[in-house]
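First up is the structure itself, then whatever we jot down about it.
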Ligand code: UDP
Ligand code: MG
């Protein structure tokens, strides 16, 4: 019988975790695959880990993994996926925004031979207009810039086959934009459309500043386009400056050179200063990431790992 591991990253999810497990377990019970659930506690500050351990005591399918501190969802996911030895893994959020009821559909497509089956959101209930708007904008920009086409409106909710998992294990970069990496591995991929529910309990861990940084991480790890912007803005400015120079020279030759031109001087100085700082900033974003990679720190540290009591 094929084996399936469901990887669930959780950070301060004590409020909803039991309900989540009940719903997930009901779905898994009705399936004809051997299944395991791997809960990854991403350094929660509430009793999420204690609840995980209680779930593990009550259900032989459950494994628990506790990270040494909060590393963020991307790394919690990586840690979880690194510990999967099954034939396929499912990645799902602990807040019931991704319906566990979709798992059998994912598995059916996997049996047809797909390596990555991902959920694409047709709607996002319970999220503000601004969040939807910024999310849509982000996916559109990503689509234009990225060298790897990242599917629209797709989160981390998906199934990965053994070879997709093995491929992903070889990717050890520290700036992990998981939905980009999931696509990057290639193989046979399939999208399944679903309706995203509102959060079942607890709070979202994301605010706009975090989302903004997440977006910059995504763009810098999958596109060098911002670096080119500096080149072209520089080129355009140089051309403009050349034309302007000719005009100033001609005017001085024809009409003499009374001391004027303070406004245009200020304009040019300020404009160039601004452009240069911006270009430096863009370079800095990439350099900073290079610095993080160069340090070669481990991606995450494990506090405790308790495999399931299955087989
Ligand atoms: N999460 C995590 N570490 C973090 C932040 C979030 O493991 O630092 C988990 C969280 O517990 C949840 C999933 O990632 O299972 C998605 O988080 P959230 O619901 O806050 O994100 P949103 O759905 O609002 O994008
Ligand atoms: Mg959520």
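On a C-alpha basis, how far is the centre of segment 83-141 from the centre of segment 1-33 in Å? Whole number, if you could?
14
What order, most packed first, do the peptides 273-285, 138-150 have when packing is the mean number of other Cβ atoms within 10 Å of each residue?
138-150, 273-285
Mind sorting 132, 66 by how few other Cβ atoms lie within 10 Å of their own Cβ, fewest first?
132, 66
Roughly what % antiparallel, to the nearest 5, for the DSSP beta bridges in the chain?
The answer is about 30 percent antiparallel.
Restricting to Cα pairs below 8 Å that are 6+ residues apart, what does the relative contact order work out to for segment 94-172? Please round to a whole percent.
40 percent.
By how many nm would the segment from residue 58 to residue 231 lengthen if fully extended, with 0.36 nm per residue of separation less the alpha-carbon distance?
56.3 nm
No lab work stands behind these numbers, since they all come straight from the coordinates. Every value quoted in this text rests on a predicted model; they were computed, and no experiment measured them. Glycine gets a Cβ as well: all are built from the backbone with ideal geometry, and neighbour counts include every protein chain shown.
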